[in-house]
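Where a number appears in this text, it was derived from the coordinates with a stated rule and is not lab data. Owing to the predicted nature of the structure, the values given are computational and were not obtained by experimental measurement. Note that we place each Cβ from the backbone using ideal geometry, even for glycine, and neighbour counts take in every protein chain shown.
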Amino acid sequence: MKLPIILHPDPRLKTSCTPVADVSDALRKLGADMLETMYLAPGIGLAAPQVGIMSRVVVVDCMNGEGDTPRPIVMLNPEVVSRSDETSVYEEGCLSLPDQFADVTRPAEVEVAWMDLDGKANSEVFRGLWATCIQHEIDHLDGKLFIDYLKPLKRQLITRKMKKMKRELARA
Ligand code: GNR
Ligand code: NI
């Protein structure tokens with residue numbers, strides 16, 4: 001089932017999420033619905049608060065190139081356990097801020113630990129777009145958006161545009 005995505009500004013996108021205690025059928029359904037919502041958007045990641053669920057759940061699949069084999073990952077309680085000193089810059093976007101893009105500098109490589117939908121502990125080193133996307137998703141779980149890395153003036157400009165977009169969507 002495709003879920004509606006919450007748009008910035010919204011208090012739910014500024015709230016820290018609660019860890020997941022254990023795997024349940026409801027959580028497996030949430031993972032499947034979030035992947036469907038992400039692929040349909042289309043996007044390369046999605047965090048539970050973006051669909052109004054205040055739990056530490058993210059989905060990612062950065063195999064978005066022509067002819068790439070998909071690699072959907074559902075992460076419960078994901079954590080960055082180590083980060084490289086080397087950084088990389090990506091032009092980021094967010095499904096909660098349609099049509100808004102800006103360069104963000106983050107660690108180029110991160111080791112991420114998470115629990116999967118079988119309740120098993122995982123950890124893996126991610127680099128490139130995967131590293132950027134997973135850090136962007138974990139930020140969502142801490143109530144943080146990519147625009148929080150920008151200078152206040154640019155952030156305010158984007159927030160103003162988003163308020164206008166939401167007003168127009170509410171009128172339509
Ligand atoms: O689809 C998305 N693309 C993207 C591009 C660069 C850096 C991060 C992202 S994540 C974004 C989907 C989203 O909003 N996830 O929270
Ligand atoms: Ni996002």
(request) Collect residues whose amide H, placed 1.01 Å from N in the peptide plane, falls under 5 Å from the amide H of Thr18; neighbours closer than 5 in sequence don't count. (result) Ser55, Arg56
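If we count every other residue with Cβ under 12 angstrom of Ile158's Cβ, Lys/Arg +1 and Asp/Glu -1, where does the sum land?
Working: positive: Lys151, Lys154, Arg155, Arg160, Lys161, Lys163, Lys164; negative: Glu92, Asp99, Asp148.
Computed value for this residue: +4.
At most 13 other Cβ atoms within 10 Å plus a DSSP loop assignment makes a site exposed; report the longest stretch of the chain without any exposed GluC sites (Glu not before Pro). List each step's numbers first, then the result.
Numbers: sites that count: Glu66, Glu86.
Between exposed loop sites, the widest span is 87-172.
If you average the sequence gap of Cα pairs under 8 Å that are 6 or more apart and divide by the length of the range 77-172, what percent do you get for the contact order? Write out the running numbers ahead of the final one.
Details: 118 pairs, mean separation 22.9, N = 96.
With pairs under 8 Å counted, the relative contact order is 24 percent.
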(message) Less than 17 Å apart at the alpha-carbon level, and either on another chain or at least 8 residues along: which aspartates and glutamates does that give for Lys164?
(response) Asp10, Asp99
(request) With a/c under 1.5 counting as rounded, go ahead and sort the range 1-50 into rounded, prolate or oblate using the C-alpha gyration tensor (a ≥ b ≥ c being the square roots of the eigenvalues; past the cut-off, prolate if a/b is larger than b/c, else oblate). (result) oblate
(request) Using DSSP, restrict attention to beta bridges with both residues in the chain and report what percent are antiparallel, rounded to the nearest 5. (result) 95 percent
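Quick one: net charge around Met54, please, counting Lys, Arg +1 and Asp, Glu -1 for every other residue with C-beta under 13 Å from its C-beta.
+1
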(request) For the chain, count the residues as N, evaluate 2.2 N^0.38 Å, and divide the Cα radius of gyration by that value, please. (result) 1.01
(request) Could you pull out every one of the lysines with an alpha carbon less than 27 Å from that of Lys161, ignoring same-chain neighbours closer than 8 positions? (result) Lys2, Lys14, Lys144, Lys151
(request) Would you please name the trypsin sites (Lys or Arg not before Pro) within the range 120-154 that are DSSP coil residues with at most 11 other C-beta atoms within 10 Å of their C-beta? (result) Lys120
